[in-house]
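Here's the structure we're looking at; comments come further down.
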Amino acid sequence: MSESKSPVLRFFGWIWRLVVGIYRTIFVIGMLISLMLVWFAFQGGTPVHVENNIALTLIPTGTVVEQVNSTGQNVLRQLGQTHPSQTLLRDLTDALKLGATDPRIPFAVLRLDDLQSAGLPQLQELGVAMKKFRAAGKPIYVYGESFDQAQYYIAAQADEVSLDPMGMLMLQGYGMYTNYFKDALDKLGVQINVFRVGEYKSAVEPFLRNDMSPEAKLANQAWLGDLWDVYNQQISAARKLPDKAADTYARDFAPELLKRSGDAASYALDAHLVNHVETLSQFRKRLADKVGYDKDKGTFRQIDFSSYLRATRHEQKPQSSTRIALVVVEGEIVDGESDNDTAGGDTISGLLEEARHDDDVKAVVLRVNSPGGSVTASEKIRRGVEALKDDGKPVVVSMSTLAASGGYWISMAADQIWAEPSTITGSIGIFGLIPTIDQPMNKLGIHTDGVGTTPLAGAFRADRPLSPEMKTIMQSNIEHGYHQFIAGVSKGRNIPVDKVDSIARGRVWSGVAAKGLGLVDSLGGIEDAEAAAAKLADLKPGGYRIDELQPQRDLLAQWLGKILGGSHADLSFLAAFLPQHASLLVQPVQDAALLFSRFNDPNNAYVYCFCTPTTAGGSR
């Protein structure tokens, strides 16, 4: 018979149960608060009141994107993060569109110092929205501590541009520079087995060469020149300056600064690229004279674009149930599900299937901003487009900054393809890439041997050299994939196969060049594509609404993924242990590792384009 517990043990047991109970209660309350916070973030916060005679401010931060991780971004905003890493292009253009007809908004103000990256086509779409805002008789004012090339494109579309006296307007043109790994791979003994079709398919060159091939230089120089021509034309038109004003400014930058003892602001002013050289306090005072002064904030009366959108959307009446579905393909195309910065074939095809089965959806706009990726995933998305068309629902593609290789594969079957003149597209080619590490393992004294029932047994092991049989299989598969690609382009764009082959072979084209070749139907932005989709579906203006379809993700996993920085390997922590410039050595390794982690096609076949131009400030 067991003895009863002593009063002391019973007392401490009671204390322990009390502590556990309190802990559980606090945990449950904390989870409830967190869930409420997530829900509150999804709702966009409490709508604010839009006062009369108040300036609309647009301060984009981080990267301009077509689709954001809305849960993570909104939660972080609610937690006090005022500088999100992404800004949705559609939010900027919608705010200007609504403000143009809102009598409470007399003018708009843009601050661009925290804008880190945006593609020229995205800048063009924002520029069109600014032009429409100004056409309504409402001016736009821009202030910058400095301007890089992407920031200045937006600034140039305004009525007045102000630059800080200590600031600089830096225009560099467009370039295409890539790290090449052949010597490093040779020293490590890593063998990269590459299979490709097309002399211009340069995506694999970094693993095979130490420099850019003449064919790649020829093709890259052509489309980079097209982009720079577009930039020059539109800057000159916006600022009413002679042709190639931006090019002249960039070429004369060094001697002009020598002449002015380094005063970059005065050069920008004399070149008529800015209207005022003034401090932020002077700028704020000028605008406060127009709309009044906010003592609490210490600046002119204003409402930011996010708050303005919440308020105006809250005021809007319910819209028609008839919809055009917007499906966004942002980032590398990978096999499986999407994550925060990739487009999964299963996810996107699932959204297209959802639109196909929804009777209220009459047409689909596929917004593409992708360098491509997995052939298998790209084909799933293309089949989703075909299924929509077979059911009588038109599909119109709107190309953003980049819709090349796999980005073009998923577009080619659409009823219409729209692109900006500066969109990067084409790159119709295919490659396979299989690394093997048997040589470095042998150097470490690790050897691989064994037997198999056929010559193909164990053929994909990274610790064995690729067999001749497997090389034959891979090359045949890649060539078959290329023929499927050009046949699909021929059918979708109604171009003879031989002509498609002559303009394909992995070559990259600008949107304006692609239009001339028949790869793109029309030049214009997403609003043009939406109008085209409505026309194909016989929808009248005002008789439909645009509804962006987004994947349903686990809220907690998505939130934590955003906070923790995603699931991919990140070597950036090494930068903390390196001198500032030496830390640049980490970036190529991290980029290559990240890319390999996203190459997950089950057949090792890829339609991918390394074709993002670089400019000042890291802008694309």
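The values are calculated or read from the model by the stated rules, or taken from the named source; none is laboratory data. This one's a predicted model, so the numbers in the text were calculated from it and none came from an experiment. Cβ placement follows ideal geometry from the backbone for every residue including glycine, while neighbour counts extend to all protein chains displayed.
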Legend entry - Of residues in the stretch 310-325 being farther than 30 Å from Asp538 by Cβ and not charged (D, E, K, R), the one surrounded by the most Cβ atoms within 10 Å (Cβ to Cβ): Ala311
Legend entry - Qualifying position, being in a loop (DSSP other than H, G, I, E, B), among the hydrophobic types (A, V, I, L, M, F, W, C) and in the same structural domain as Gly262 (by TED's automatic domain parsing), among Ala222, Ala158, Ala246: Ala158
Inset, instruction - Being in contact (Cβ under 8 Å) with a residue 12 or more places away in the chain and touching a strand residue (DSSP E or B) at 6+ places or on another chain (Cβ under 8 Å) narrows it down to one of Tyr293, Tyr308, so name that one. - result: Tyr308
Inset, instruction - Taking Asp438 as meeting all but one of (1) in contact with a Pro (Cβ under 7 Å, 6 or more places away or on another chain); (2) without any contact (Cβ under 8 Å) to a residue 24 or more places away in the chain, write down the number of the exception. - result: (2)
Inset, instruction - Please go through the stretch 512-563 and pick out each residue that is among the polar types (S, T, N, Q) and at pLDDT below 95. - result: Gln550, Gln552, Gln558
Inset, instruction - Could you figure out which of (1) touching a Phe, Trp or Tyr at 6+ places or on another chain (Cβ under 8 Å); (2) part of a helix (DSSP H, G or I) isn't true of Thr178? - result: (2)
Inset, instruction - Using the structure shown, decide if Asp289 is modelled with pLDDT of 95 or more, assigned by TED's automatic domain parsing to the domain that holds Pro106, over 30 Å from Cys609 (Cα atoms) and surrounded by fewer than 18 Cβ atoms within 10 Å (Cβ to Cβ). - result: yes
Legend entry - Any hit, the stretch 439-446, residues being over 25 Å from the mean Cα position of the chain (by Cα) and within 21 Å of Lys201 (Cβ to Cβ): no
Inset, instruction - Could you figure out which of (1) touching a residue at least 60 places away in the same chain (Cβ under 8 Å); (2) touching a helix residue (DSSP H, G or I) at 6+ places or on another chain (Cβ under 9 Å) isn't true of Ser320? - result: (2)
Inset, instruction - Give the stretch 445-475 a look and list any residue that's loosely packed, with under 10 Cβ neighbours inside 10 Å and not charged (D, E, K, R), or say none. - result: Gly445, His447, Gly450, Val451, Gly452, Thr453, Thr454, Pro468
Inset, instruction - Look at Ala531 and say whether it is under 21 Å from Glu205 (Cα atoms), free of Cβ contacts under 8 Å to residues at least 60 places away in the same chain and surrounded by fewer than 18 Cβ atoms within 10 Å (Cβ to Cβ). - result: no
Inset, instruction - Considering (1) surrounded by fewer than 24 Cβ atoms within 10 Å (Cβ to Cβ); (2) more than 30 Å from Gly189 (Cα to Cα); (3) touching a residue at least 40 places away in the same chain (Cβ under 8 Å); (4) in contact with a Leu (Cβ under 9 Å, 6 or more places away or on another chain), say which one Ala387 fails and leave the rest. - result: (3)
Inset, instruction - Exactly one condition in (1) surrounded by fewer than 20 Cβ atoms within 10 Å (Cβ to Cβ); (2) part of a helix (DSSP H, G or I); (3) of a type in the set (Ser, Thr, Tyr) is not met by Tyr231; state its number. - result: (1)
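Identify the residue in the stretch 422-435 that is within 24 Å of His480 (Cα to Cα) and of a type in the set (Val, Ile, Thr) and, among all such residues, is surrounded by the fewest Cβ atoms within 10 Å (Cβ to Cβ).
Among those residues, the one meeting the criterion is Ile434.
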Inset, instruction - Name every residue in the stretch 296-309 that is at pLDDT 90 or above and of a type outside the set (S, T, N, Q), in order of residue number. - result: Gly298, Phe300, Arg301, Ile303, Asp304, Phe305, Tyr308, Leu309
Inset, instruction - Kindly establish whether Asp186 is in contact (Cβ under 8 Å) with a residue 40 or more places away in the chain and not small (Gly, Ala, Ser). - result: no
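What's the total number of residues in the stretch 163-193 that are among the charged types (D, E, K, R) and in the same structural domain as Trp223 (by TED's automatic domain parsing)?
The number of residues fulfilling the criteria is 1.
Which residues, taken from the stretch 407-449, are outside any loop (DSSP other than H, G, I, E, B) and of a type in the set (S, T, N, Q)?
Hits for the stretch 407-449 are Gln416, Thr425, Thr436, Gln439, Asn442.
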Legend entry - Qualifying position, being surrounded by fewer than 19 Cβ atoms within 10 Å (Cβ to Cβ) and of a type in the set (Val, Ile, Thr), among Val497, Val512: Val497
Legend entry - Lone qualifier among Leu98, Leu89 - being assigned by TED's automatic domain parsing to the domain that holds Trp228, buried (at least 20 other Cβ atoms within 10 Å of the Cβ) and under 24 Å from Leu224 (Cβ atoms): Leu89
Inset, instruction - Test Lys259 against the criterion of being at pLDDT 90 or above, surrounded by fewer than 18 Cβ atoms within 10 Å (Cβ to Cβ) and on the phi > 0 side of the Ramachandran plot, and give yes or no. - result: no
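Pull up the stretch 210-236, narrow it to residues that are among the charged types (D, E, K, R) and closer than 26 Å to Lys182 by Cα, then point me to the one that is modelled with the highest pLDDT.
Checking each candidate, the answer is Asp211.
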Legend entry - Sole residue being part of a helix (DSSP H, G or I), within 26 Å of the chain's Cα centre (by Cα), under 13 Å from Tyr231 (Cβ atoms) and in contact (Cβ under 8 Å) with a residue 40 or more places away in the chain, chosen from Gly173, Gly127: Gly127
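Residues checked against (1) within 24 Å of Gly167 (Cβ to Cβ); (2) assigned to a loop (DSSP other than H, G, I, E, B); (3) touching a Phe, Trp or Tyr at 6+ places or on another chain (Cβ under 6 Å); (4) at pLDDT 95 or above:
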{"residue": "Thr46", "(1), (2), (3), (4)": "no, yes, no, no"}
{"residue": "Pro60", "(1), (2), (3), (4)": "yes, yes, no, yes"}
{"residue": "Thr82", "(1), (2), (3), (4)": "yes, yes, no, no"}
{"residue": "Leu92", "(1), (2), (3), (4)": "yes, no, no, yes"}
{"residue": "Ala95", "(1), (2), (3), (4)": "no, no, yes, yes"}
{"residue": "Gly99", "(1), (2), (3), (4)": "no, no, no, yes"}
{"residue": "Ile105", "(1), (2), (3), (4)": "no, yes, no, yes"}
{"residue": "Val109", "(1), (2), (3), (4)": "yes, no, yes, yes"}
{"residue": "Gln116", "(1), (2), (3), (4)": "yes, no, no, no"}
Legend entry - Some residue of the stretch 480-493 being within 18 Å of Ala419 (Cα to Cα) and in contact with a Gly (Cβ under 6 Å, 6 or more places away or on another chain): yes
Legend entry - Failed criterion for Gln416 (all others in (1) within 28 Å of Asp359 (Cα to Cα); (2) in contact with a Pro (Cβ under 9 Å, 6 or more places away or on another chain); (3) crowded, with 24+ Cβ neighbours inside 10 Å; (4) not acidic (Asp, Glu) hold): (3)
Legend entry - Residue pairs meeting the criteria (Cβ under 8 Å; at least 6 apart or on separate chains; first closer than 14 Å to Gly292 by Cα and touching a residue at least 60 places away in the same chain (Cβ under 8 Å), in the stretch 104-119; second outside any loop (DSSP other than H, G, I, E, B) and charged (D, E, K, R)): Pro106/Lys290; Phe107/Lys290
